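Notes follow the structure.
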Amino acid sequence: MRDNYLKEYFSFLRFPSVSTDEKFAGKVRECADWVSKKLTTIGLESKVVPTAGHPIVWARNKHRNGRPTVLIYGHYDVQPPDPLELWDSPPFEPVLKNGYVFARGATDNKGQIFSHILGLQETIEKNRDLPVNVDLVIEGEEEVGSQNLGKFLTDNRDALKCDVVLVSDTGMIARKMPTLSYGLRGVAALEIKVTGPKIDLHSGIFGGAVTNPATALARLLATLHDQNGHIAVPGFYDDVVPLQDWERESWRKLPIDPDSEMLQETGAPALFGETGFSTLERIWARPTAEINGMGSGYQGPGT
């Protein structure tokens with residue numbers, strides 16, 4: 001990467017654009033303004049679109065009839081850097097080490113979106129134009145569930161019509177192995193609350209005489225799956241697209257060992273999942289029902 005590009009990239013990474021914490025809202029906005037200004041300097045029309053939350057940067061070249069339209073999606077917001085003590089360097093002060101850039105957002109998603117911007121910049125500088133119509137939609141709320149992206153897309157449905165959407169917010173199968181991801185699992189979340197007695201009860205006095213809501217919840221959650229890892233909710237798999245034979249064969253031939261890599265990365269003693277599917281098939285093509293947290297009783301200071 002050219003020195004001037006690296007300098008710009010580091011400037012981008014220095015913004016603590018943490019969308020989950022309201023105290024960073026000003027920095028998130030500053031980051032959006034920086035991205036929009038950069039897109040303007042390379043020759044695109046760009047604006048910062050306000051939302052009910054963090055703004056969206058929308059940029060485009062001059063569209064011409066007869067040309068295909070590419071919509072590039074990305075996000076400039078980042079996850080909180082906590083726990084800070086696990087960082088070898090300040091998360092918002094980029095460091096170049098052994099050819100790699102270390103900073104919060106370098107791989108999710110500032111590095112990817114900045115590579116698109118530089119690619120567009122070099123193409124425009126070389127050819128004075130782009131061969132296709134381009135829209136860039138770079139949001140600031142991906143890390144909090146893209147709360148206002150849907151309304152933005154609906155409000156601008158006609159203007160954002162395109163032939164293909166390019167998203168570089170995925171991973172690589174392995175180092176030095178370029179990867180084209182053609183599908184992702186989505187997410188739907190819900191919260192279950194189980195209540196019982198009208199007041200907190202002392203387990204030493206009332207235990208065994210009154211049903212514990214935590215026990216009831218544990219039993220309920222245990223019914224989500226059967227012993228073979230299948231999701232036991234009726235109708236859950238009804239609209240799941242089945243794997244094609246060519247997909248299974250091509251994934252099987254990949255020069256990686258997903259089972260050993262998964263064990264090494266997670267530190268789990270063993271792998272477990274839906275029977276009849278390989279590890280890659282489970283994480284790439286099958287839905288899952290996961291329990292992300294449980295809480296019960298008093299959990300404040302002193303516990």
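Are any residues in the range 262-297 among the aromatic types (F, W, Y) and not in a loop (DSSP other than H, G, I, E, B), and if so, which ones?
Going residue by residue through the range 262-297, those that are among the aromatic types (F, W, Y) are 272, 277, 284.
Correct list: W284 only.
Of these, D88, D77, which one is without any contact (Cβ under 8 Å) to a residue 60 or more places away in the chain and either farther than 16 Å from L6 by Cα or of a type in the set (D, E, K, R) (or both)? Break it down stepwise before answering.
On the way: D77 fails: without any contact (Cβ under 8 Å) to a residue 60 or more places away in the chain.
None of the other options fit; the residue is D88.
Any residue in the range 131-145 that's within 12 Å of V48 (Cβ to Cβ): show its pairings with residues that are of a type in the set (S, T, N, Q) and part of a helix (DSSP H, G or I) at Cβ separation under 9 Å, as long as the two are six or more apart or on different chains.
The qualifying pairs are I138/S36.
If A189 passes every condition in (1) under 30 Å from V49 (Cα atoms); (2) of a type outside the set (D, E, K, R); (3) in contact with a Ser or Thr (Cβ under 7 Å, 6 or more places away or on another chain) but one, which one does it miss?
Here A189 clears every test but (3).
I'm trying to understand the selection: among the residues of the range 212-227, which are loosely packed, with under 11 Cβ neighbours inside 10 Å and either in a loop (DSSP other than H, G, I, E, B) or at pLDDT below 95 (or both)?
Hits for the range 212-227 are T223, Q227.
Quick one: how many residues across the range 136-155 are hydrophobic (A, V, I, L, M, F, W, C) and modelled with pLDDT under 95?
Taking the range 136-155 and keeping what is hydrophobic (A, V, I, L, M, F, W, C), we get 136-138, 144, 149, 152-153.
Then keep just the ones that are modelled with pLDDT under 95; that gives none.
Number of matching residues: 0.
Every residue in the range 148-182 that is of a type in the set (F, W, Y) and assigned to a helix (DSSP H, G or I), please.
Initially, the range 148-182 is screened for residues of a type in the set (F, W, Y), giving 152, 182.
F152, the sole residue that qualifies.
Only one of these is modelled with pLDDT under 95, over 30 Å from P16 (Cβ atoms) and acidic (D, E): D163, D158, D200. Name it. It would help to see each step written out before you state the result.
Numbers: D163 fails: modelled with pLDDT under 95; D158 fails: modelled with pLDDT under 95.
Just one listed residue meets the conditions, D200.
Using the structure shown, decide if A189 is assigned to a loop (DSSP other than H, G, I, E, B), closer than 30 Å to R219 by Cα and of a type in the set (G, A, S).
On the way: assigned to a loop (DSSP other than H, G, I, E, B): yes; closer than 30 Å to R219 by Cα: yes; of a type in the set (G, A, S): yes.
So A189 passes the test.
For the range 34-63, name all the residues that are surrounded by fewer than 22 Cβ atoms within 10 Å (Cβ to Cβ) and of a type in the set (V, I, T).
T40, T41, I42, V48, V49, T51, listed by residue number.
Can you find even one residue in the range 224-247 that is over 29 Å from M294 (Cα atoms) and either of a type in the set (G, A, S) or in contact with a strand residue (DSSP E or B) (Cβ under 6 Å, 6 or more places away or on another chain) (or both)?
The answer is no, given that none of the residues of the range 224-247 is over 29 Å from M294 (Cα atoms) and either of a type in the set (G, A, S) or in contact with a strand residue (DSSP E or B) (Cβ under 6 Å, 6 or more places away or on another chain) (or both).
For the condition basic (K, R), over 18 Å from the mean Cα position of the chain (by Cα) and not assigned by TED's automatic domain parsing to the domain that holds F114, what is the one hit in K176, K151? Walk me through it before giving the result.
Working: K151 fails: not assigned by TED's automatic domain parsing to the domain that holds F114.
Going through K176, K151 in turn, just one is basic (K, R), over 18 Å from the mean Cα position of the chain (by Cα) and not assigned by TED's automatic domain parsing to the domain that holds F114: K176.
Between A188, A216, which is within 18 Å of the chain's Cα centre (by Cα), farther than 27 Å from S115 by Cα and not assigned by TED's automatic domain parsing to the domain that holds K47? Outline the logic, then answer.
Numbers: A216 fails: within 18 Å of the chain's Cα centre (by Cα).
Result of the check over A188, A216: A188.
Out of the residues in the range 62-117 that are β-branched (V, I, T) and over 20 Å from the mean Cα position of the chain (by Cα), state the one that is farthest from D129 (Cα to Cα). Quick ask: steps written out before the conclusion?
Of all residues in the range 62-117, those β-branched (V, I, T) come to 69-70, 72, 78, 95, 101, 107, 113, 117.
If we keep only those that are over 20 Å from the mean Cα position of the chain (by Cα) too, we end up with 69-70, 95.
Details: T69: 14, V70: 14, V95: 34 Å.
Only one residue fits best here, namely V95.
The values are calculated or read from the model by the stated rules, or taken from the named source; none is laboratory data. In this text, all values refer to a predicted model and were calculated from it rather than measured experimentally. A quick note on method: Cβ atoms are made from the backbone with ideal geometry, for glycine too, and the neighbour counts reach across all protein chains shown.
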